[in-house]
Amino acid sequence: MFGSPGSGKGTQSKFLVEWLKIPQISTGDMLREHIRNGTEVGRAIAGRMRAGSLVSDDLVNQLVYERIHQQDCERGFILDGYPRTPAQAQEMMRLLSGVGAREVVIHLVVDYNVIISRMTGRRVCPVCGTLYNAVSRPPKVEGICDLDGSVLAIREDDREDVVRERLTQYEASTRPLIEYFRKASNRLFEVDASKDRPEVVFGKIQTALTGILDQTSGVLSSSVVGEKAAADGVAAR
């Protein structure tokens, strides 16, 4: 899953997990878990993440390498938030080759003003991790988790100043990945995710993937979707 912060990668990844029955690998979640657990890695990256800075390629690559070699990834996996730089993308292609996998890249395209509104309006349950948004998914009681009644919190990386810094860094270092994948892969699909509800966006992704994913096993087949995907707001590159 590819796109700027706040584009909906995490939400769409969860839909794909349910559909394809393969695990989601979120580098952001892995890094935040290290911070919560107070590990050596967590202590090293906490300050950088609070400031909206990117973590080093070497560390992220190592986390991904260890994760995709676990047993539940044998049938495939969904990468959420990785790669973020061309160097990570080159390493990703090498890692995929090493486990006998091929890539399908979904690029979620969202206007930056929409992203800022989404992210600064997000709240998270500190107990169960459920995400809410004041516009698209408000809790039934303001400030309270629907599931366990905990008081919702603002993640450090959802503060407006941090969001703007993350978007600046994304534009400078991560957006070139679009061009990289256009050249390196014939399995890049760009999906407009600015206005539609998450379920509608997921329908566009399913349209793009129908024909190149075996829906029973999650194994890539050899055909590529074209006209139908474009008709549903998905640009095949």
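The values are calculated or read from the model by the stated rules, or taken from the named source; none is laboratory data. Nothing here was measured: the structure is a model prediction, and the numbers come from that model. We place every Cβ from the backbone using ideal geometry, glycine too, and count neighbours over all the protein chains shown.
Please determine, by comparing only the residues of the range 34-56 that are free of Cβ contacts under 8 Å to residues at least 60 places away in the same chain and not in a helix (DSSP H, G or I), which one is farthest from residue 85 (Cα to Cα). Taking the candidates together, the pick is 38.
Residues checked against (1) on the phi > 0 side of the Ramachandran plot; (2) among the small types (Gly, Ala, Ser):
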| position | (1), (2) |
| --- | --- |
| 12 | no, no |
| 17 | no, no |
| 29 | no, no |
| 34 | no, no |
| 38 | yes, yes |
| 46 | no, yes |
| 51 | no, yes |
| 55 | no, no |
| 58 | no, no |
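Do you know which of the residues in the range 127-152 that are within 21 Å of the chain's Cα centre (by Cα) and loosely packed, with under 14 Cβ neighbours inside 10 Å is farthest from residue 45 (Cα to Cα)? The residue in question is 135.
Here's the yes/no breakdown for (1) of a type in the set (D, E, K, R); (2) closer than 28 Å to residue 172 by Cβ; (3) assigned to a helix (DSSP H, G or I); (4) touching a Ser or Thr at 6+ places or on another chain (Cβ under 8 Å):
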site	(1), (2), (3), (4)
14	yes, no, yes, no
17	no, no, yes, no
32	yes, yes, yes, no
58	yes, yes, yes, no
62	no, yes, yes, no
65	no, yes, yes, no
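When each of 124, 105 is tested for being touching a strand residue (DSSP E or B) at 6+ places or on another chain (Cβ under 9 Å) and assigned by TED's automatic domain parsing to the domain that holds residue 72, the lone residue that passes is 105.
In the condition set (1) at pLDDT 85 or above; (2) within 20 Å of the chain's Cα centre (by Cα); (3) crowded, with 18+ Cβ neighbours inside 10 Å, residue 174 is compliant with all but (1).
Against the list (1) modelled with pLDDT of 90 or more; (2) of a type in the set (Lys, Arg); (3) out of contact with any Asp or Glu (no Cβ under 8 Å at 6 or more places or on another chain), the condition residue 204 fails is (3).
When only residues in the range 9-36 that are of a type in the set (Gly, Ala, Ser) and farther than 16 Å from residue 209 by Cβ count, which is surrounded by the fewest Cβ atoms within 10 Å (Cβ to Cβ)?
Among residues in the range 9-36 that are of a type in the set (Gly, Ala, Ser) and farther than 16 Å from residue 209 by Cβ, the one surrounded by the fewest Cβ atoms within 10 Å (Cβ to Cβ) is 10.
Once the range 207-223 is narrowed to residues that are under 13 Å from residue 19 (Cβ atoms) and modelled with pLDDT of 70 or more, the residue that is surrounded by the most Cβ atoms within 10 Å (Cβ to Cβ) is 208.
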